[in-house]
Amino acid sequence: MEVITTKHEIRRLVWDARCGGRRVGVVPTMGALHEGHLSLVQASAAACDMTIVTIFVNPTQFGPHEDFAKYPRDLAADVAQLVPHKVDALFAPPLDEIYRPGHSTFVDPPAVAEPLEGAFRPTHFRGVATIVLKLFQLIPADVAFFGQKDYQQSLVIRHMVEQLDLSIAIQVCPTIREPDGLALSSRNVYLNTAERQQALALYRALRKCVEQYRQGCSRVAELQGNMHSLLLEAGIAGIDYAVVVDRNSLQPIDSANDDSVALIAARVGKTRLIDNLLFS
């Protein structure tokens with residue numbers, strides 16, 4: 001696996017591969033890799049002739065009081081995890097390779113970025129859209145792989161690609177979970193033993209919500225109220241949202257259907273976690 005740190009090298013590698021008829025996949029990450037990331041790598045390796053993983057902790061998607069400074073970083077450990085897999089190159093640029101001094105150009109995200117995470121983290125998706133578009137410019141791959149765990153992010157990227165007519169396909173892969181249901185996340189390392197158990201309430205609430213729908217309950221107010229109650233019973237008071245919305249627009253609905261999605265964002269201790277579950 002080649003480790004590349006400059007824009008010139010990574011762009012040349014990808015164009016040489018595509019000119020040679022190779023199908024290129026890219027897996028954008030912020031590092032602190034886990035099995036969820038590796039499942040995306042495996043999906044790319046299965047579908048493409050070349051797989052490129054990116055590691056870049058993007059400062060523009062963190063708010064002023066968020067965890068950019070302490071976000072887990074261990075490039076050596078990440079490299080060790082990638083080596084056994086079919087990864088052709090790792091793009092791990094320094095900060096000033098991506099954002100030069102005086103950088104002032106940003107991408108306004110599509111409308112699907114406005115609710116939920118957009119309401120609680122107002123500048124987050126502007127940073128996400130900007131870095132993803134920059135990476136797609138630097139790595140003109142055929143397919144990019146993202147996880148369903150960051151559901152709204154995947155929608156934002158899909159809509160941006162469609163609306164800006166970018167020539168890259170977006171493949172969203174299933175959420176990878178621990179055996180007890182906790183969605184894998186780089187931020188799980190922040191949880192102590194008690195908080196780790198408490199965090200299981202997010203998945204329990206989502207699963208119960210979908211089960212109730214399948215048993216005939218379609219009233220969104222009732223489904224959402226039950227999710228809130230289950231979280232509160234687990235001692236999780238810092239609930240940003242626990243909602244059932246349209247899976248394509250994230251707009252509120254009164255009655256759930258197979259095109260609905262349940263999403264939760266809540267703080268367990270000092271750690272903010274997100275999770276989701278599709279109804280169909």
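No lab work stands behind these numbers, since they all come straight from the coordinates. Keep in mind that this is a model prediction, so the values were computed, not measured. Virtual Cβ from ideal backbone geometry, glycine too; neighbours counted across all protein chains shown.
Side notes on the structure shown:
- The fewest-to-most ranking of Thr5, Thr105, Thr54 by surrounding Cβ atoms within 10 Å reads Thr105, Thr5, Thr54.
- Cβ-based exposure ranking for Val79, Val128, Val87, in which fewest neighbours within 10 Å come first: Val79, Val87, Val128
- Loop-located trypsin sites (Lys or Arg not before Pro) across the stretch 9-69 with a Cβ neighbour count of 15 or fewer within 10 Å are Arg22, Arg23, with loop assigned by DSSP.
- Potential lengthening between His85 and Gln163 on full extension [0.36 nm per residue; Cα-Cα distance subtracted]: 24.7 nm
- [x] 37, 22, 17; [y] 44, 25, 15; [z] 33, 20, 19, with the label sought being that of the calculated semi-axes √(5λ) of the Cα gyration tensor in Å: [z]
- Residues Asp180 and Gln137, FRET efficiency given R0 of 45 Å [Cβ-Cβ distance, rounded to 0.05]: 0.65
- Of the residues Phe125, Phe68, Phe136, the one that moves most in a GNM of the chain with alpha-carbon contacts below 10 Å is Phe68.
- Distance (nanometres) between label positions extended 7 Å along Cα→Cβ at Arg214 and Asn248: 2.4 nm
- A Förster radius of 35 Å, combined with the Cβ-Cβ distance separating Asp74 from Cys19, puts the computed FRET efficiency at roughly 0.50.
- Among beta bridges that DSSP assigns inside the chain, antiparallel share in %, nearest 5: 50 percent
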